[in-house]
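Bear in mind these aren't lab numbers, they're just calculated from the coordinates by the rules spelled out. It should be emphasised that the depicted structure is a prediction, and the values quoted were computed from it without experimental measurement. Cβ placement follows ideal geometry from the backbone for every residue including glycine, while neighbour counts extend to all protein chains displayed.
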Amino acid sequence: MSQTAIQDRPTPTPPVRKDGLRSRSLPRFAPLGFAVVAIALGVGLGLAAGWESRIQWGLISALFFVVISYVVTTVVENKRQAKDRLATSVVWVCFVLAVIPLFSLIWVTVSRGMKVLDGYFLTHSMAGVPGFEAGGGVYHAIIGTLEQVGIATVLSVPLGLLTAIYLVEYGKGTLAKAVTFFVDVMTGIPSIVAGLFLLSIMLLFELEPSGLMGALALAILMVPVVVRSTEEMLKLVPNELREASLALGVPKYRTIVKVVIPTALGGITTGVMLAIARIAGETAPILLLVFGSQLINSNPFEGAQSSLPFYIWEQYRVGSEASYDRAWAAALVLIAFVMILNLVARGIARWKAPKSGR
């Protein structure tokens, strides 16, 4: 047989096996179809059974989605692909179940908070406005939140940063283990405990309530978060960078300042911003230590002061329709504040991230 005849002979196609790599496969839009069918079955079953709760409809639809995905994939493809599809379906269902409450919260907050959120609301206080009447604003609470969170950040960030540097770069033996243990304990301390601790100091030394006392309680809550986030970022810095700097005769403290910290600066900044966002919504320490005020007090070292979480609680306690609207508007302002901090953190982290070379 000539070489040309051998080359012209058609290549035999391997047989299609259901359990092999060339088995039949579902189209890419199959999960979407499964979801539509599952929702239709869940809603139909809910209506037929007389269930009024939409939550029950959603849970039944999620169960139908997982079952349909597994059964259809088993019939069309094979059991190995069906198990993979089952795991993927469970992950998607868990994701949707986690996201729905979040979007529901944001939707309710935005829809109700936008009723009174305007320039007047952001630039006026509640001075002279009865709680059950319309009017007033949140300006005094915004000032209080910015000052209290700012003081807490100034106090906690250097302490947390230095503690993390000690644990990563110098910490050895019993002292380092003790510091790590107490940081772990402080991470789980409820905010009311920090407030009670500062309240006992206030009563002992006969101090007046002020924004500073609230900021000290917030700093106690913020320190362990800064320590933990900074510690993890410093551990991600390659040891080769430290060794190269030390091999050139650079002292260790200059290696930390000039090499280690700049390399981890993006992650450290992100951790600090997340810690700020964590304490911005604390209410219990403010209730105990700041007492709240309807007047504008720009001096955090003297006199009662308000904050956004305290303002929300205060307006909700009044119980009128106008106070509820102000509470939802203040909640929307607080969410926007936290969202801005997270966006700033992501921007700084991307800006300071090490550039990937080719």
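Select from 269, 73, 180 the residue whose mean-square fluctuation is largest in a Gaussian network model of the chain (Cα-Cα springs shorter than 10 Å).
73
Using unit Cβ charges (K, R positive; D, E negative) and no other charged atoms, how large, in debye to the nearest 20, is the dipole of the range 139-352 about its Cα centre?
Around 880 debye, computed over the range 139-352.
Diagonalise the Cα gyration tensor of the range 139-352 and give the resulting equivalent ellipsoid semi-axes, square root of 5 times each eigenvalue, largest first, whole Å.
37, 20, 13
Return the FRET efficiency for the residue pair residue 110, residue 316: r is the Cβ-Cβ distance, R0 is 22 Å, and the value is rounded to the nearest 0.05. Walk me through the intermediate numbers first.
On the way: r = 18 Å, r/R0 = 0.80.
After rounding, the FRET efficiency stands at 0.80.
Would you mind telling me which residue in 242, 85, 228 has the biggest mean-square fluctuation in a Gaussian network model of the chain, where springs connect alpha carbons within a distance under 10 angstrom?
85
For the range 265-358, which GluC sites (Glu not before Pro) are both in a DSSP coil and crowded by at most 12 other Cβ atoms within 10 Å? Display every interim value, and only then the final one.
On the way: sites: 282, 302, 314, 321; in loops: 282, 302.
Qualifying residues, ordered by number: 302.
Tell me, what HN-Hα J-couplings in whole Hz come from the Karplus equation 6.51 cos²θ - 1.76 cosθ + 1.60 at θ = phi - 60° for each residue of the range 311-327, using x for Gly and Pro?
Each residue's phi maps through the Karplus curve to give 4, 4, 5, 5, 6, 5, 5, 4, x, 8, 5, 5, 5, 4, 4, 5, 5 Hz.
Would you kindly state how much longer the chain becomes between residue 146 and residue 346 on full extension, computed as 0.36 nm times their sequence separation minus their alpha carbon distance, in nm to one decimal?
70.0 nm
Taking 7 Å along the Cα-to-C-beta vector as the label spot, tell me the residue 30-residue 336 distance in nanometres, rounded to one decimal.
Using points 7 Å along Cα→Cβ, the separation is 4.7 nm.
Could you give the dipole magnitude of the range 20-113 about its Cα centre, charging the beta-carbon of Lys and Arg +1 and that of Asp and Glu -1, in debye to the nearest 20? Can you show the working numbers first?
Numbers: 9 positive and 3 negative charges, 74 e Å.
It works out to roughly 360 debye.
For a Förster distance of 51 Å, can you work out the FRET efficiency between the beta-carbons of residue 189 and residue 75, rounded to the nearest 0.05?
About 0.40, to the nearest 0.05.
Ranked by Cβ crowding within 10 angstrom, fewest neighbours first, how are 175, 196 ordered?
Listed from fewest to most nearby Cβ atoms, that is 175, 196.
What number in nm² do you get for the chain if you take the convex hull of its Cα atoms and divide its surface by four?
Its average projected convex-hull area is 33.1 nm².
Find how much the distance from residue 59 to residue 83 grows on full extension, using 0.36 nm per residue of separation minus their present alpha carbon separation; answer in nm with one decimal. Don't jump to the answer; show the numbers that get you there.
Numbers: separation 24, 0.36 × 24 = 8.64 nm, distance 2.10 nm.
Stretched fully, the residue 59-residue 83 segment lengthens by 6.5 nm.
For the range 20-113, with the dipole built from +1 on Lys and Arg beta-carbon atoms and -1 on Asp and Glu ones, taken about the Cα centre, which of 33, 105, 58 lies farthest toward the positive end?
Toward the positive end, the furthest listed residue is 33.
Only helical DSSP H runs with n ≥ 4 go in: add -39500 (n - 2.57) per run for the chain, normalise by residue count and round the 222 nm mean residue ellipticity to 500 deg cm²/dmol. Please list the in-between numbers first.
Working: 15 runs with 253 residues, N = 358.
About -23500 deg cm²/dmol.
State the number of lysine pairs found in the chain whose Cα atoms come within less than 17 Å, restricting to pairs 8 or more positions apart or on distinct chains.
Step by step, the pairs that qualify in the chain add up to 9.
Report, to two decimal places, the Cα Rg of the range 20-113 normalised by 2.2 N^0.38 Å (N = number of residues).
1.30
Quote the charge dipole size of the chain about the Cα centre in Debye, to the nearest 20; the model charges only the Cβ of Lys and Arg (+1) and of Asp and Glu (-1).
Dipole about the Cα centre, nearest 20: 2100 debye.
Highest GNM mean-square fluctuation, the chain, Cα pairs closer than 10 Å: which of 55, 286, 340?
55
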